[in-house]
Amino acid sequence: MVHQVKQYFPDVPKIAFEGPGSKNPLAYQDYNASEVVLGKRMEDWCRFAVCYWHTFGNSGADPFGGETYTNRSWNLPLADASLPPRERILEAAKCKADAAFEMFTKLGVKFYTFHDVDLIDEGADLAESQGLLDDISDYLLAKQNQTGVKCLWGTTNLFGHRRFMNGASTNPDLAVFAHAAARV
């Protein structure tokens, strides 16, 4: 399957500084990236980043109810049963990356952050998961080069999966500890 890049937020313009008097809800009213404050541009003082999980991966689930963000269009390839599982996971991750980088550039942020599983779902086993992460990393590097947006930090999620219910590096199950160590 050849990935087709699409626009996810066609009605959202690039967010610009319009000043405190602006009535535009899609404008910066206080943050002016190029304004010099104490000898540095505001964007150098305030290194804003968009968090991949909170913005593009969060399902909206909480202890009182199920997922509320089920119709995010960048997640739709996960439901495409015509694709083999690995391709389905990779295609959904590319769609999520397309949506994310479109939003990053429209917001004018220069950085993003992530956990490994925010970028792409896990595969059937650790080897497949690491292969998928390698594949999406190449795609993200291309998006970074295309947009100038950089990764501020990335880490591994060693708490979200039930395998880590007794910890990751402190887990009494050697297989879980080894899995965590391999991901780090």
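Every number here is computed from the coordinates shown, using simple stated rules; none is lab data. All of these numbers come straight from a predicted model, not from anything done at the bench. Heads up, the Cβs are rebuilt from the backbone with ideal geometry, glycines too, and the neighbour counts pull from every protein chain shown.
Observations
- The chain: antiparallel DSSP beta bridges as a percent of all, rounded to 5: 25 percent
- Computed magnitude of the charge dipole of the chain (debye, nearest 20; Cβ of K, R +1, Cβ of D, E -1): 460 debye
- Selected from S137, M165, W153, residue furthest toward positive end of dipole (the stretch 16-183; charges at beta carbon): W153
- Given K106/K143; K6/K110; K40/K143; K40/K150; K96/K150, the pairs whose alpha carbons are separated by over 18 Å: K6/K110; K40/K143; K40/K150
- Here's the picture: charge each Lys and Arg Cβ at +1 and each Asp and Glu Cβ at -1 in the chain, and of F114, P10, G65 the one pushed furthest to the positive end of that dipole is P10.
- Comparing Cα centroids, the stretch 70-118 and the stretch 1-59 end up 19 angstrom apart.
- When each of the peptides 158-168, 59-69 is scored by how many other beta carbons lie within 10 Å of its residues on average, the order from highest to lowest is 158-168, 59-69.
- Nonlocal amide H pairs with V50, under 5 Å, H built at 1.01 Å: F111, Y112, T113
- Over all orientations, the stretch 1-100 has a Cα convex hull whose mean projected area works out to 9.9 square nanometres.
- Shown here are the Rg and Dmax of the Cα trace of the chain, at 18.9, 60 Å.
- Mean Kyte hydropathy of -1.0 or more with a Cα span along the axis of at least 24 Å, helices from DSSP in the chain: 85-107, 126-147
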